[in-house]
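The values are calculated or read from the model by the stated rules, or taken from the named source; none is laboratory data. Since this is a predicted model, take the numbers as computed values, not measurements. For neighbour counting, all protein chains shown are included, and Cβ atoms are generated from backbone atoms with ideal geometry for every residue, glycine included.
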Amino acid sequence: MKYLAITLALAGSQAVAQNCASHDVIVEHLAKEFQETRQSVALDGVGNMVEVFASEAGTWTLTVTQPGAPTCLVMAGVAYQLVDEPLTLGEKG
């Protein structure tokens, strides 16, 4: 439901194609409308930037940005929790 709300709100203020817009527009909208800030960023296996935005209220949004392309909303939800667990990269167990 929130995903649809983001899409409709963006469509009303910017030209948006398939839930995508410039990175700046997406980031500004998530901050202004949902008080979400970037909580994590990573690259996938083909170089796409994957970001998770979240708010203190627990809303969250996942975005993907392909190199040289706009940022796209992938999914969103509620009940976001920050988990402070150590990374286990390279550990053998």
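Each row is one residue, and each column tells you yes or no for (1) under 15 Å from Gly77 (Cβ atoms); (2) of a type in the set (Val, Ile, Thr); (3) in contact with a Cys (Cβ under 8 Å, 6 or more places away or on another chain).
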site: Glu28; (1), (2), (3): no, no, no
site: Glu36; (1), (2), (3): yes, no, no
site: Ala42; (1), (2), (3): no, no, no
site: Gly47; (1), (2), (3): no, no, no
site: Thr65; (1), (2), (3): no, yes, yes
**Asked** Does the stretch 38-79 hold any residues that are surrounded by 14 or more Cβ atoms within 10 Å (Cβ to Cβ) and hydroxyl-bearing (Ser, Thr, Tyr), and which are they?
**Response** Ser55, Thr59, Thr61, Thr63, Thr65, Thr71
**Item:** Matching option when the condition is exposed (fewer than 14 other Cβ atoms within 10 Å of the Cβ) and at pLDDT below 95, among Asp24, Asp84
**Value:** Asp84
**Message:** Conditions first: (1) closer than 18 Å to Asn19 by Cβ; (2) part of a strand (DSSP E or B). His29 passes all but one, so which condition is the exception?
**Reply:** (2)
**Prompt:** Within the stretch 39-52, can one find any residue that is farther than 27 Å from Leu87 by Cα, modelled with pLDDT of 95 or more and acidic (Asp, Glu)?
**Reply:** no
